[in-house]
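The values are calculated or read from the model by the stated rules, or taken from the named source; none is laboratory data. Predicted, not measured: the structure shown is a model, and the values here were computed from it. Note that we place each Cβ from the backbone using ideal geometry, even for glycine, and neighbour counts take in every protein chain shown. The accessibility values were calculated without ligands, DNA or RNA, using every heavy atom of the protein model including side chains. Shrake-Rupley method; radii C 1.70, N 1.55, O 1.52, S 1.80 Å.
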Amino acid sequence: MSDTPFDDAFFRLTSNERYSKMVQRVRQGLSIWALADEQGCLIIPLNTEQVLPVWPNQAMALHWGEKDYPDFKGIEITAKDWKEKWLPGMTQDKYSIGAAPNMAGECIVSSAEEHARDIQAA
């Protein structure tokens, strides 16, 4: 379940602010959320990149996807799994992260490698 309710104010933050909050969340050892269906995680093609969008809680992920991806469910990714499994695999596969897209789809998109460095930075 989500650890915080849906908060529309979060989506009104700038893309940089939302990215920073996502990085802080993982640094604090808190889970993040993606969307998935029976075929796997939602991956959005963006120009030449394949982007995995993630959010700080399940309610935000589901709210974002309810119009275009109504059959998708929220999946929790622990901070440990994100750092130890997801980011290395995404780096190897050349996937990018879309950090908490707002309702217009605007967000910071970074490579998994860049995102991992940002999480490790003090």
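Using heavy atoms of the protein chains and a probe of 1.4 Å, the accessible area assigned to Glu114 is about 80 Å². In this structure Thr78 has an accessible area near 60 Å², from a 1.4 Å probe over the protein heavy atoms.
Just need the relative contact order of the chain here, percent rounded to a whole number, with Cα pairs under 8 Å and 6+ apart. 31 percent. Quick one: which residues, 5+ away or cross-chain, put their amide H under 5 Å from the amide H of Leu35? H built at 1.01 Å from N. Amide H neighbours of Leu35, under 5 Å, 5+ apart: Leu42, Ile75. Between Glu76 and Ser20, the distance separating the two model label sites (each 7 Å from Cα on the Cα→Cβ line) works out to 2.8 nm. Per-residue 3J(HN,Hα) values for region 70-78, derived from phi via the Karplus relation 6.51 cos²θ - 1.76 cosθ + 1.60 with θ = phi - 60°, read x, 8, 7, 10, x, 10, 7, 10, 5 Hz in sequence order (x marks Gly and Pro). Per residue, the accessible area of region 1-84 comes to 58 Å², computed with a 1.4 Å probe over protein heavy atoms only.
Sorted largest first, the spans of the alpha carbon positions of region 43-83 along the three principal axes are 29, 24, 14 Å.
Here the 3J(HN,Hα) profile of region 107-115, calculated from phi with Karplus coefficients 6.51, -1.76 and 1.60 at θ = phi - 60°, is 6, 7, 10, 10, 5, 4, 5, 4, 4 Hz, Gly and Pro shown as x. When the surface is traced with a 1.4 Å probe over the full set of protein chains, Ile119 keeps roughly 10 Å² accessible. With the charge dipole of the chain set up from +1 on Lys and Arg Cβ and -1 on Asp and Glu Cβ about the Cα centre, the Cα lying farthest toward the positive end among the listed residues Leu42, Ile97, Ala121 is that of Ala121.
Only Lys, Arg, Asp and Glu count, each charged at its Cβ (+1, +1, -1, -1), so figure out the dipole size of the chain about its Cα centre, rounded to 20 debye.
380 debye
Peptides 55-64, 92-101 ranked from most to least packed by the mean count of surrounding Cβ atoms within 10 Å: 55-64, 92-101.
Sorting Phe11, Phe72 on solvent-accessible area from highest to lowest, probe radius 1.4 Å, gives Phe72, Phe11. Heavy-atom surface analysis with a 1.4 Å probe gives the chain a carbon and sulfur content of 49 percent of its accessible area. Note on log10 I(q)/I(0) by the Debye sum over Cα atoms at q = 0.10, 0.15, 0.17 Å⁻¹: of the candidates (1) -0.26, -0.60, -0.80; (2) -0.23, -0.55, -0.72; (3) -0.33, -0.67, -0.82, the value calculated from this structure sits at (1).
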